[in-house]
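Student: Before anything else, here's the structure in question.
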Amino acid sequence: MLVLIALLAAVQDHGDHAPGEPRLGQVRFDSTCNATAQPLFLRGLAWLHSFEYDDAERDFAAAAAADPKCGIAYWGIAQTQYHPLWAPPSPAEIAKGRAALEQAKSAGAGPREQAYIEALATFYRGADRTHKARVLDYVSAMERLHRNFPDDLEAGVFYSLALIAAGTTDDDPSYGRERAAAAILNRALVVAPDHPGVAHYLIHGYDYPALAHLALPAARRYAGIAPASAHAQHMPSHIFVRLGLWQEMIKSNQAAESAALAYAASRKMAGSWDERLHAMDYLIYGYLQAGDDRAAKRVLDALLTITRVDPSNFKVAYAVTAIPARYALERRRWEEAADLTLSDQTRMLVPWPRFRWAEAQLHLARAIGAARTGRALSARQEVDRMVEIEQALVTAPGEYDWKGQVSIQRQTAEAWTLYAEGKTAEGLALMRSAAELDDRSEKHPVTPGSIAPAREQLGELLLELGRPADALV
């Protein structure tokens, strides 16, 4: 009871939602910053918990400018350079985060704040360490911080996020780290029901087929906790898609796209924000699963009007290739899939050398389309391109295995190609292999689902072979 009382006392709104103030939920982090810097720091913290890293960095920088001795504000800047559940930080982001922590140490901080700074420093130290090593060192440091400050709500929330991030680097079928994070977050939920990170991280921690149902209450609350965040509008759909709740998924991403458009307008962006394209990919997936082809076509048409995206990252690369591929394959328009191309305008949205795995999705769609229309030679050419991409990819420790995903896609495409070449037994064997690999792999959070799930493709191939009973197994 004493712990709950202490936690309850530690929670307050990041602001009183004055006119024009974004609604981001309730956070509290007592600091040694002055009265001008403190509310800016708290707002940055609220943005951070919804993965709105640009806005978080802006407010943390404003807090540091308002109080140069506010060391924890520089810690916040360093936090915005590490996106635990997205792509690993670039060398430039590592350097920026490390520099911000040096400023944090020299600016001054209380003992508790210093503990946060030192914990994050374990992630940024060294130049040649793998991402996995950084993640595991950080989760160990956050475990110590949480143990040393057991009544500190934020310590528990950040430790939970670190556990979830560490869980993505191993292959634990029991989801031990995720379950440990959920235990902490569910305790925090009792005393901080409107904390954005609590609901948000419960969704991420349970974002697996075996656990998704446990996140449904959090998924249905999170968007209302932080309505100013486009990510908060979108994130519940990660659970809705796992559970086949198509209408809730669609509504979630309609709200996310609207929020992303509003954000781009408020920041006077020259083009679209990346979160819009992420929401659009989830939207078209939901529409197609619900059988609303007309609405799905509107998403594709909207993509074709986009001339610029900021920032151009892995979310953009995935959406740009997935949206047209899904639209053709899900509707079984094989000729359309075989002839799939991106306009020059759309291709220019993505720096392709950084995202070869995304380019493979176009070749997958073309290969399946060509094979299913009897164009075996064209299908084989697309498979050859996928082999080239697969061989060029390297997966570093702790990073998502995009090379493995391309391998599954390539095997799926090659299986259909073998079928088109009249090599039925070889094609069926390869498709079974792809399905088994796909069954053992976890989807990346960037995607609502595979473009051509190998197990589903195995069923399709068995149907083509006149074996409907086997296709149902």
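Student: So which helices (runs of 4 or more DSSP H) stay within segment 271-384 end to end and still have 2 or more residues that are within 26 Å of E460 (Cβ to Cβ)? Break it down into steps so the answer makes sense when it comes.
Tutor: On the way: elements: 274-289, 293-305, 314-330, 334-338, 344-347, 356-372.
Passing ranges, in order: 274-289, 293-305, 314-330, 334-338, 356-372.
Student: I need the full set of residues from segment 85-117 which are part of a loop (DSSP other than H, G, I, E, B) and surrounded by 22 or more Cβ atoms within 10 Å (Cβ to Cβ), in order please.
Tutor: Of everything in segment 85-117, just one residue is part of a loop (DSSP other than H, G, I, E, B) and surrounded by 22 or more Cβ atoms within 10 Å (Cβ to Cβ), namely A109.
Student: Looking at D438, D384, which one is modelled with pLDDT of 95 or more, crowded, with 21+ Cβ neighbours inside 10 Å and assigned by TED's automatic domain parsing to the domain that holds L329?
Tutor: Exactly one residue qualifies, and that residue is D438.
Listed here are the residues, each with its yes/no results for (1) modelled with pLDDT under 95; (2) surrounded by 14 or more Cβ atoms within 10 Å (Cβ to Cβ); (3) in contact with a Phe, Trp or Tyr (Cβ under 9 Å, 6 or more places away or on another chain).
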residue: L303; (1), (2), (3): no, yes, no
residue: V309; (1), (2), (3): no, yes, yes
residue: N313; (1), (2), (3): yes, yes, yes
residue: E336; (1), (2), (3): no, yes, yes
residue: W357; (1), (2), (3): no, yes, yes
residue: L364; (1), (2), (3): no, yes, no
residue: A370; (1), (2), (3): no, yes, yes
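Student: Any chance segment 224-236 includes a residue that's in a helix (DSSP H, G or I) and more than 15 Å from the chain's Cα centre (by Cα)?
Tutor: The first filter runs over segment 224-236 and keeps only residues in a helix (DSSP H, G or I), leaving 224-225, 230-234.
Going one step further and asking which of them are more than 15 Å from the chain's Cα centre (by Cα), we end up with 224-225.
Looking through segment 224-236, at least one residue is in a helix (DSSP H, G or I) and more than 15 Å from the chain's Cα centre (by Cα).
Student: Is it the case, given these coordinates, that V198 is surrounded by fewer than 24 Cβ atoms within 10 Å (Cβ to Cβ), in contact (Cβ under 8 Å) with a residue 24 or more places away in the chain, of a type in the set (A, V, I, L, M, F, W, C) and in contact with a Leu (Cβ under 8 Å, 6 or more places away or on another chain)?
Tutor: Details: surrounded by fewer than 24 Cβ atoms within 10 Å (Cβ to Cβ): no; in contact (Cβ under 8 Å) with a residue 24 or more places away in the chain: yes; of a type in the set (A, V, I, L, M, F, W, C): yes; in contact with a Leu (Cβ under 8 Å, 6 or more places away or on another chain): yes.
When the stated conditions are applied, V198 does not pass them.
Student: What residue, of V157, V139, is touching a residue at least 60 places away in the same chain (Cβ under 8 Å), of a type outside the set (K, R) and part of a helix (DSSP H, G or I)? Can you show your working first?
Tutor: Numbers: V139 fails: touching a residue at least 60 places away in the same chain (Cβ under 8 Å).
Within the list V157, V139, the selection yields V157.
Student: Oh, and also: Check off (1) assigned to a loop (DSSP other than H, G, I, E, B); (2) among the polar types (S, T, N, Q); (3) free of Cβ contacts under 8 Å to residues at least 60 places away in the same chain for T32 and give me the number that stays unchecked.
Tutor: Only one criterion in (1) assigned to a loop (DSSP other than H, G, I, E, B); (2) among the polar types (S, T, N, Q); (3) free of Cβ contacts under 8 Å to residues at least 60 places away in the same chain is unmet by T32, namely (3).
Student: If R129 passes every condition in (1) under 24 Å from the mean Cα position of the chain (by Cα); (2) surrounded by 17 or more Cβ atoms within 10 Å (Cβ to Cβ) but one, which one does it miss?
Tutor: So R129 meets the others, but not (2).
The values are calculated or read from the model by the stated rules, or taken from the named source; none is laboratory data. On a predicted model such as this, the values are computed, not experimentally measured, just so you know. Counting neighbours? That spans all protein chains shown, and the Cβs are built from the backbone with ideal geometry, glycine included.
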